[in-house]
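What follows is calculated from the coordinates using simple rules that are stated; it is not laboratory data. Keep in mind it's a predicted model, so treat the numbers as computed, not measured. Note that each Cβ is placed from the backbone with ideal geometry, even for glycine, and that neighbours are counted across all protein chains shown.
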Amino acid sequence: MFQNFKFAYTFRDTSIYGKLVSKDFIFTFRDFDKGFDVTWGRDDEMKTTNGLFTNSQRLDLIWNNIILSNVDTSNATIVRGFNLTVTFNPTDVIRIDGRVNLFLKREESTNNWQMVKWIDESGF
């Protein structure tokens, strides 16, 4: 899951990324300017990610230590740190250090994991 996620970002490939995102996917992040949480579904996630992939020259994602891991054969909860460097151009580079709280599922133990819920715990 995490290796494919990194590949999708490295190669800015929505076809790889789309396989990781469940049809009932929910993304949640804190809008610190407005003071409340914002949530969107799979369609908005794919649109937003495609925009990031299209408008950046380079994405460098590093997955850090797993803080929490609760896994059975069909469900998983993973909390993990990350560092993401987004290069739009040589003079416009953004670095994000944060944490993801992911809820994953798979129908069969031989299937690949898909993200059902992503709670972004970054301070960005």
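Relative to the longest principal Cα axis of the chain, at what angle does helix 42-55 sit, 0 to 90 degrees, rounded to 10? Computed tilt is about 40 degrees. When every Cα-Cα distance of the chain is counted in 10 angstrom steps from zero, the calculated P(r) takes the values 13, 43, 37, 7, 1 percent. The three principal axes of the Cα atoms in the stretch 16-70 give end-to-end lengths of 31, 27, 26 Å, sorted in falling order.
Taking Cβ atoms as reference points and 15 Å as the exclusive limit, the residues near residue 62 contribute a net charge of +3, counting Lys and Arg as +1 and Asp and Glu as -1.
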